[in-house]
Amino acid sequence: MTDRRNDKIIDGKGFAEALRGRIGENVAILKKDHGLIPGLAVVLVGEKPASQIYVRNKGKAAAAAGITATDYRLDTSASQAELVALVERLNEDPAVHGILVQLPVPDQIDPSAVINAIAPGKDVDGFHVINTGRLATGQMTGPDAAMIPCTPLGCLMLLQDRLGSLCGLNAVVLGRSNIVGKPMAALLTQMSCTVTVAHSRTEDLPGICRKADILVAAVGRPHMVQADWIKPGAVVVDVGINRIASPTPDNPDFMRLVGDVDFDAALKSAGAITPVPGGVGPMTIACLLANTVTAACRQNSIKPPAW
Ligand code: GUN
């Protein structure tokens, strides 16, 4: 009998590679036809090891696509005023089309003050309140369209690739963070889904999830979503990246990455599901690059590519 598991596993890594290829082609066209090289400024305050890895990966991916990525490092003790001054300088720099301040920032800095200091058109994370408002009000086209947060944008691309139109489908978003849950819900609403946002205080989470044609899990709790929470045939997008102890005889300290969904069990009932790793994660970086190119186009009155 043929193994049908692979048909159900959504290959985010492969999709992201193809998207990065298209981004690279578009960057080459922008350079050739308009003399425009998209520029991304990546700002890191402090020396958190995980943040350093994320920032390095973002810079490498940008460079591979032909985007000029410039790193800005501030000391852990940097003040909010210093960081805002840097952001304001980058806002004025015409070679910088996208600005990303890696989160979290140290305690002495209010993250929203910094995010909201970024020019909305350069806010490639899509976290500025103006972009949040534009997404909430469905301002999706034109020079002042919303910049869409990268992880929800990546999830949407994978869903549309699998399902085509999402119109009329029941979507449940598990998690209400500003980075994933809330913008994901807004995007799915924009796509004419019927959206429920569920979270740790929701009553009868399994019952709510079982109504979902689309289930996006973004709670940060390893293996929380069980197989019997999933409607047969539903498309499941697992945003969770959780590191759990998984000792082996050779390596008692071994840690592995798992999502918010009990993947092996869920595979039996889901119509399709993203794995962890190799699902949503690679899409987030690819969408950051796409947003940077979109921002560069808008700032130069060039029609952005339809990704
Ligand atoms: N920290 C964790 N995720 C993100 C992200 O998507 N953008 C930024 N700027 N910081 C993060």
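The values are calculated or read from the model by the stated rules, or taken from the named source; none is laboratory data. Computed from a predicted model, the values in this text were never measured in an experiment. Using ideal geometry, Cβ is built from the backbone for each residue, glycine included, and neighbour counts are taken over all protein chains shown. Accessible surface areas use protein heavy atoms only, side chains included; no ligands, DNA or RNA. Shrake-Rupley method; radii C 1.70, N 1.55, O 1.52, S 1.80 Å.
When Glu203, Glu88 are compared by accessible area of protein heavy atoms, the largest-first order is Glu203, Glu88, using a 1.4 Å probe. Note on Met140 and Ala245: their simple-model spin labels are 4.6 nm apart, each label 7 Å out from Cα toward Cβ. Taking the chain as the region of interest, the number of lysine pairs whose Cα atoms are within less than 21 Å, with members eight or more places apart or on different chains, is 20. Within the assembled protein chains, the solvent-accessible surface assigned to Glu47 is about 140 Å², based on a 1.4 Å probe.
Counting only protein heavy atoms and using a 1.4 Å probe, what share of the accessible area of region 91-211 belongs to carbon plus sulfur, as a whole percent? Answer for region 91-211: carbon and sulfur cover 53 percent of the accessible area. Around His199, with a cut-off of 14 angstrom between Cβ atoms, what is the net charge of the other residues, counting Lys and Arg +1 and Asp and Glu -1? Computed value for this residue: +1. For Leu74, list long-range residues whose amide hydrogen, built 1.01 Å from N in the peptide plane, is under 5 Å from its own amide hydrogen. Sorted by chain and number, the residues that satisfy this are Leu44, Val45, Gly46. Using the Karplus relation 6.51 cos²θ - 1.76 cosθ + 1.60 with θ = phi - 60°, the per-residue 3J(HN,Hα) values for region 148-157 come to 9, x, 5, 5, x, 4, x, 4, 4, 4 Hz, with x marking Gly and Pro. Of Ser177, Ser301, the residue with the largest accessible area leads and the full order is Ser301, Ser177 (1.4 Å probe). If Lys and Arg each add +1 and Asp and Glu each add -1, what is the summed charge of the other residues whose beta carbon sits under 11 Å from the beta carbon of Ile10? For residues surrounding Ile10, the net value is -1. Rounded to the nearest 500, the 222 nm mean residue ellipticity of the chain from helices alone is -12500 deg cm²/dmol, with -39,500 (n - 2.57) taken per DSSP H run of at least 4 residues. Karplus-derived 3J(HN,Hα) values for region 209-217, using 6.51 cos²θ - 1.76 cosθ + 1.60 with θ = phi - 60°, are 5, 5, 8, 7, 7, 10, 10, 10, 9 Hz; glycine and proline are entered as x. A 1.4 Å probe run over region 123-263, with the rest of the protein chains in place, finds 46 Å² accessible per residue. Site pair Ala18 and Asn300 shows an inter-label distance of 2.7 nm when each label is modelled 7 Å from Cα along Cα→Cβ.
Listed values for region 277-282 are Karplus-derived 3J(HN,Hα) couplings in whole Hz (6.51 cos²θ - 1.76 cosθ + 1.60, θ = phi - 60°), namely x, x, x, 6, x, x, and x replaces Gly and Pro. Over all distinct Cα-Cα pairs of region 58-189, the Kirkwood formula returns a hydrodynamic radius of 16.3 Å.
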